[in-house]
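Below is one structure, written out as structure tokens, with a few remarks after it.
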Amino acid sequence: MAAIARLVNALALFATCVVLLFVLYWQLVRGDAPGTLALMQRVALLGIGLGFLLNVRFGSSEAHFGIVIFSAAIGLLAAARQMIGYAAASGPALGAEMFGYHFCTWEVAGFFAAILLGAALLFIEGQFVEGVRDRRPSGAAQAVGWLFVLVALAHVVVALLQCGFEACVDGAPGYELLRR
């Protein structure tokens with residue numbers, strides 16, 4: 001059972017990387033700069049990835065799953081707040097859409113799925129027998145871990161370029177740090 005848990009954690013980490021790469025692509029290539037709630041959702045995604053990364057690198061731990069579930073709950077709240085704001089706004093639809101739904105709608109579903117996955121993985125008892133220790137994951141798991149680290153660094157750099165060293169301003173086009 002521990003091998004299955006390690007595989008699921010690595011796949012969940014890879015899925016998190018795919019989502020983070022997609023939103024980075026959407027921002028840089030499609031030119032849709034995120035607002036403060038979207039940035040908060042990205043931080044929550046990074047927290048989810050961190051929890052899965054810790055499970056991949058050091059073995060499964062209830063605390064690591066706690067990071068996943070807590071981060072997903074924060075992301076769910078931010079995405080739900082953004083979705084309610086879009087629903088309450090009058091006039092044309094706000095924000096980008098994919099398959100007819102706003103990104104925040106997809107994010108609500110994704111964060112809810114992350115909460116369910118984190119909670120479901122807690123029921124695999126065999127994974128906790130090994131305990132948390134410094135162990136070397138498989139080559140593929142290491143590659144996914146390094147991919148996550150690089151994607152996280154890319155998000156930090158892009159957010160720094162967008163907001164500078166101050167609080168981000170909603171609706172401010174361009175990159176604050178590059179304008180100086």
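Here is a check on your reading of the model: is LEU20 buried (at least 19 other Cβ atoms within 10 Å of the Cβ), more than 13 Å from VAL158 (Cβ to Cβ) and of a type in the set (A, V, I, L, M)? Criteria not met by LEU20. Entry remark, segment 23-51: residues being modelled with pLDDT of 90 or more, β-branched (Val, Ile, Thr) and open to solvent by less than 50 Å² (accessible area, probe 1.4 Å) number 1 in total.
The values are calculated or read from the model by the stated rules, or taken from the named source; none is laboratory data. Fair warning: this is a prediction, and the values are worked out from it, not measured in the lab. When we count neighbours, we look across all protein chains shown, and the Cβ atoms used for this are built from the backbone with ideal geometry, even at glycine. In case anyone asks, the SASA skips ligands and DNA or RNA and just uses the protein heavy atoms, side chains included. Shrake-Rupley method; radii C 1.70, N 1.55, O 1.52, S 1.80 Å.
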